[in-house]
Amino acid sequence: MTHYPHLSIEKKWQEAWEKSKCFVAKTPKPGQKKSYVLEMFPYPSGRLHMGHVRNYALGDVVARYKRAKGYAVLHPMGWDAFGLPAENAAIKHKTQPKSWTYKNISAMREQLKSLGFSLDWSREFATCDPEYYSQQQKIFLKFFENDLVYRKSSRVNWDPVENSVLANEQVVDGRGWRSGALVETRQLNQWFFRITKYSTDLLSGLSTLDNWPEKVKTMQTNWIGKSRGAKVCFKIVDSGQKQQNIEVFTTRPDTLFGASFIALSPEHPLSSELAKNNPEIDAFVRECAQLGTSEETIERAEKSGIDTGLTVVHPFDETKTLRVWIANFVLIGYGTGAIFGCPAGDQRDLDFAIKYDLPVLPVVLPEGECADHYQITDKAWTGTGSLFNSGFLNGLKVKEAIKTALSKLEALGIGEAVTQYRLRDWGASRQRYWGCPIPIVHCHACGAVPVPSADLPVLLPDEVSFETPGNPLDHHPDWKHTSCPKCNQKAIRETDTLDTFVDSSWYFARFCSPQAKDPVDSVAANAWLPVDQYIGGVEHAVMHLLYARFFTRALKDCGLLEIKADEPFDGLFTQGMVTHETYKDPDGNWVEPVNVLRSETGLTTKTGRSVTVGAIEKMSKSKLNTVDPAAIIQKYGADVARWFVLSDSPPDRDVQWTESGLEGAARFVSRVWVEVLRISKEPVFTDQKTTTLSKDLVKTTHKTINFISQDIETLGFNRAVARLYSLLNDIKKSTGLEPEQISARRFATKSLVLLLAPFAPHLAESCWETLGCKELVAMTRWPEFDEKWLEEKTLIIPVQVNGKRRSQLSVAFGLDKDELQSLALKDPDIIKSLTGLSLKKIIVVPDRIINIVAK
RNA sequence: GCCCCCGUGGCGGAAUUGGUAGACGCGACGGAUUCAAAAUCCGUUGACCUAACGGUCGUGCCAGUUCGAUUCUGGCCGGGGGCACCA
């Protein structure tokens, strides 16, 4: 077999592409269509992982295809370079976040380049470049001016030993991950983006996103969480409290007669008030605070509560009172931070009621149940039905009862219809060093004062100390000390930095004009935005994508982004993960795939210890089941790695990395190369007619061109790969020596090479050159197919009896129902199958199927 | 806990709008080539029954709609993603 020297070949073409500048984005010419292809930019963790290879290989197929179709293509790359890992690395390795980050970027840039992606490197930037974050500071100030960002007090996880705020992932079982200290919660003044201003718009905008996965739109819809309901006032009986009423939000005012208690969030102002004079309540509220701020933890914790001793009057029945509890499952951030508990109609309320022996009165009777015997035991009924045990609502269906209850509340002046959103304003303050400084100065006299534009950017200090616990910016010797821009008195810089989601909320716009003096140049933005195809992990389905959608709207409203489009990403694709088997040695330690040997007796480590195979999981450092792309590229080449991640698995599903699959990919690359060498040695004939001798291969080629184009447009790359395999097989089977056969073979092979280019670009260039073509494939147009080759003249139609295939007819395309029916009934196999049965019905779908129903 | 998604041979997967389930690849098996092996090439390969023709079952499980369900509906089981300070 002829060896395919991937290392030298791949380098050669990467240099040729760079020299020709064919991937540098050129502004679309008049009348030329544009395509902005973007993959979510990587966090520079230090090394590329297979997830990156897959992500960028997917995008590269689209970018190369669009370029070949004549589009002006923007396909940029950058670095999501701020964030927590750099600080953790700095602490662990005694380095500085800045040098660590830029070193990682260099390493990863080289790795990306070795994969031969068709990226426009001239637009590269990192979000930690002062040029980038200074533009972001301008945006922040513009938002400040337009009341899109503000400060308020909010709760954080606090590690009392590290003296710092903890991310939810840093809280493990209620303790700080490094210190092991019990986590507290603290109130801090923090900066918030007013994303809720756009709640309705972000929601309605989703319906215009036809090229987004339905699941992502559903997730965002649920995240925004629009719900219609009622605010209801419960009057506190003889309270002696300052507060006379408790206001609750409910989507089910129809179930008010089933109310058995009121529950307040532990953070509700009334809870805090009561805690002051009651040590037990105080202890309970503190205990709840130890759960941290994660909604998941709060909701998964066992329901618990404390009776405050207060009672309220039932709004519809003054003779009834309800106890007021404080409960750990009531969230302060949603509604009013207080609920009425209807155990029969809500599982959480029911669990709570059972635990504390509170009354359970069913009020919604499911259809088909008898009111006299219907009981709720351990399963709440949240479905529809008619109301009972509910005074004036009795007999009404749920929907009508909600309306009726609402009107009554409004008439009584103790409630009103409200629309509530689950979406909260975006808390963007981080008490950390490695992020974009917030350009604000705090002055005793003037308050929070924006840094004047002449004084921008507010640069991060290059060197900071992580010796002292807490925010390095806060205890930097001089950084925060400044003077007030208004009154010139001594003042303190804001030491919070911005959430890294801010950086990624507008980078796609910056790529249009990465050197512009303003955040986004409007001419460039209009030329390129929106992003036509955005590709990334589904883990970003809600937050990153919602924040970017919000930023697009906010930037437009502030005049910083002048584009026609309302949405930043026209097409979105969420790719699956790269998984791998996990391995363990007899001591239960994880073993890396490279250290696992396959022998006849099973799997062993290199030192001869037996290895057991565990679950197939997402490649991760913790499970040591990663495969290093660099090693794969070195051994097999970039094209093999790319081909593998694009083969077999649909891009939106997980792909399992296997050695054998990789070998298969390598074999394919060799087979193409060998085949092209064979074809290249054949004589070249021009103007050959196609007759029956060469018809099949020419037809297959035209069909393949059509299919692969469709597969790429619909991002079905695994299907395209399967078709490339097929076409290669057909070319290999073609061995005829007549000139027209040789000619057909050359046509098919040249088409194969062009179709292959988006998937294995280096291989394609080599093959193209070998076939005697002078121009780069990267600059060659996509092959055209001829419609006339796609038409089918005859086809095979299955004939079923009672839904089971019993025969088939080979017929001309387009035969009508009657003809098909009579043909089917004349078929000997069908006659045999029908003996002893009488015909009931015949279903004929022309060009598809015939089904005879008989008894 | 809540929201969302996924489930097809030994494996990854294919299958226009509900219309022949298993394309293509991997693995396995058999053969060719070889002193031998690797590589390569050719063939077979869902399960069960049958000497064969052929038949029965079969798309996580259980129901339903339909002439017909991998595809639509409801319930269940299993796996994954997100839950607001990881990115």
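The values are calculated or read from the model by the stated rules, or taken from the named source; none is laboratory data. These numbers were taken from a predicted model, which means no experiment stands behind them. Every residue, glycine among them, receives a Cβ derived from its backbone with ideal geometry; neighbour counts consider all protein chains shown. Please note that ligands, DNA and RNA were not included when accessible areas were found on the heavy atoms of the full protein model with its side chains. Shrake-Rupley method; radii C 1.70, N 1.55, O 1.52, S 1.80 Å.
Quick notes
- A:ILE843/A:ASP372 FRET efficiency (R0 45 Å; Cβ-Cβ; nearest 0.05): 0.35
- Distance between the modelled labels on A:GLU169 and A:SER227, one decimal in nanometres: 2.9 nm (7 Å Cα→Cβ projection).
- Accessible area per residue (1.4 Å probe, heavy atoms of protein chains only) ranks A:TYR133, A:TYR334, A:TYR43 as A:TYR334, A:TYR43, A:TYR133, with the largest value leading.
- Farthest towards the positive end of the charge dipole of chain A, among the residues A:ILE731, A:ILE438, A:SER99, is the Cα of A:ILE731, using unit charges on the Cβ of Lys, Arg, Asp and Glu.
- For chain A, the membrane-span-like helix rule (DSSP H, alpha carbon extent of at least 30 Å along the helix axis, mean Kyte-Doolittle at least 0.0) picks out A:659-680; this says nothing about an actual membrane.
- Among the listed pairs A:LYS486/A:LYS556; A:LYS113/A:LYS733; A:LYS11/A:LYS695; A:LYS12/A:LYS623; A:LYS29/A:LYS564; A:LYS34/A:LYS138, those beyond 27 Å (Cα-Cα): A:LYS486/A:LYS556; A:LYS113/A:LYS733; A:LYS11/A:LYS695; A:LYS12/A:LYS623; A:LYS34/A:LYS138
- All alpha carbon pair distances within the range A:432-506 were sorted into 10 Å bins beginning at 0; the resulting P(r) in whole percents reads 20, 47, 29, 4.
- Size of the range A:575-712 as Cα extents on the principal axes (Å, biggest first): 70, 32, 26
- Where the Cα pairs of the range A:227-420 fall when distances are cut into 10 Å bins, in %: 9, 36, 37, 15, 2, 0
- For the range A:16-60, the carbon plus sulfur part of the accessible surface works out to 59%, probe radius 1.4 Å.
- When each of the peptides A:288-296, A:573-581, A:830-838, A:763-771 is scored by the mean number of other C-beta atoms lying within 10 Å of its residues, the order from highest to lowest reads A:763-771, A:573-581, A:288-296, A:830-838.
- Label point distance in nm, A:LYS355-A:SER20, each placed 7 Å from Cα along Cα→Cβ: 6.7 nm
- Solution diffusion estimate, µm²/s, Stokes-Einstein, chain A, Kirkwood Rh from C-alpha pairs, 10 °C, viscosity 1.306 mPa s: 49 µm²/s
- Qualifying trypsin sites (Lys or Arg not before Pro) in the range A:47-110, DSSP loop, other Cβ atoms within 10 Å at most 11: A:LYS94
- For chain A, accessible area per residue (1.4 Å probe, heavy atoms of protein chains only), Å²: 47 Å²
- Evaluated on the range A:306-416, the Kirkwood hydrodynamic radius is 15.3 Å, with distances taken between all distinct Cα atoms.
- For the range A:794-854: Kirkwood Rh in Å [reciprocal of mean 1/r, alpha carbons]: 11.3 Å
- In the range A:361-473, one over the average inverse separation of all distinct C-alpha pairs is 20.7 Å, which is the Kirkwood hydrodynamic radius.
- Anchor A:LYS320: lysines whose Cα lies under 28 Å away (excluding residues fewer than 8 positions away in-chain): A:LYS231, A:LYS235, A:LYS242, A:LYS303, A:LYS355, A:LYS379, A:LYS397, A:LYS399, A:LYS403, A:LYS408
- The range A:713-759 has equivalent-ellipsoid semi-axes of 24, 11, 6 Å, by the square roots of 5 times the alpha carbon gyration tensor eigenvalues, sorted largest first.
- For the range A:471-543, radius of gyration divided by Kirkwood radius, i.e. Rg to Rh on alpha-carbons: 1.16
- Summary of packing: across the peptides A:248-254, A:707-713, the per-residue average of other C-beta atoms within 10 Å ranks them, highest first, as A:248-254, A:707-713.
- q = 0.23 Å⁻¹, the range A:142-230: log10 I(q)/I(0) [Debye, one scatterer per Cα]: -0.99
- Considering only chain A, percent of DSSP beta bridges that pair antiparallel, nearest 5: 80 percent
- FRET efficiency for A:LYS564 and A:GLU784, using Cβ-Cβ distance with R0 set to 35 Å, rounded to 0.05: 0.65
- On the basis of the beta-carbon distance and an R0 of 56 Å, A:ASN211 and A:ASN278 show a calculated FRET efficiency of 0.50.
- Taking all protein chains as shown and a probe of 1.4 angstrom, A:SER822 keeps an accessible surface of around 50 Å².
- Per residue, the convex hull volume that the Cα atoms of the range A:627-789 enclose (Å³): 116 Å³
- Cα centroid separation, the range A:292-333 to the range A:468-534: 41 Å.
- Over 26 Å apart at the Cα level, from the set A:LYS732/A:LYS804; A:LYS19/A:LYS517; A:LYS142/A:LYS517; A:LYS26/A:LYS98, are A:LYS732/A:LYS804; A:LYS19/A:LYS517; A:LYS26/A:LYS98.
- Paramagnetic label zone (point 7 Å from Cα along Cα-to-C-beta, A:ALA181; backbone N under 19 Å) in the range A:69-105: A:88, A:91-92
- Carbon/sulfur fraction of accessible area - the range A:627-789, other protein chains in place, 1.4 Å, %: 50 percent
- Rounded to the nearest 20 debye, the dipole magnitude of chain A is 2120 debye, with +1 charges on Lys and Arg beta carbons, -1 on Asp and Glu beta carbons, and the Cα centre as origin.
- Protection proxy ranking for A:657-669, A:21-33, using the average of other Cβ atoms within 10 Å per residue and placing the highest first: A:657-669, A:21-33.
- Fully extending the segment from A:GLU162 to A:LYS92 would add 23.7 nm, taking 0.36 nm per residue of separation and subtracting the current Cα-Cα distance.
- Pairs of alpha carbons in the range A:578-618 whose separation is greater than 14 Å (percent): 38 percent
- With both labels modelled 7 Å from their Cα along Cα-to-Cβ, the A:ARG194 to A:GLN243 distance reads 2.7 nm.
- Global dimensions of the range A:57-175 from alpha-carbon coordinates: Rg and Dmax equal 19.7, 60 Å.
- Taking trypsin sites (Lys or Arg not before Pro) across the range A:615-657, the ones in a DSSP loop with at most 16 further Cβ atoms lying within 10 angstrom of their Cβ are A:LYS621, A:ARG653.
- Dividing the summed helix terms, -39500 (n - 2.57) for each DSSP H run of n ≥ 4, by the number of residues in chain A produces a 222 nm estimate of -11000 deg cm²/dmol to the nearest 500.
- Amide hydrogen neighbours beyond the local backbone of A:GLN575, cut-off 5 Å, H modeled: A:GLY536, A:GLY537, A:VAL538
- Gain upon complete extension [A:CYS446, A:THR468; 0.36 nm per residue less C-alpha separation]: 4.9 nm
- Ignoring aspartates and glutamates fewer than eight residues from A:LYS817 along the same chain, the ones with Cα atoms less than 19 angstrom from its Cα are A:GLU792, A:ASP827, A:ASP847.
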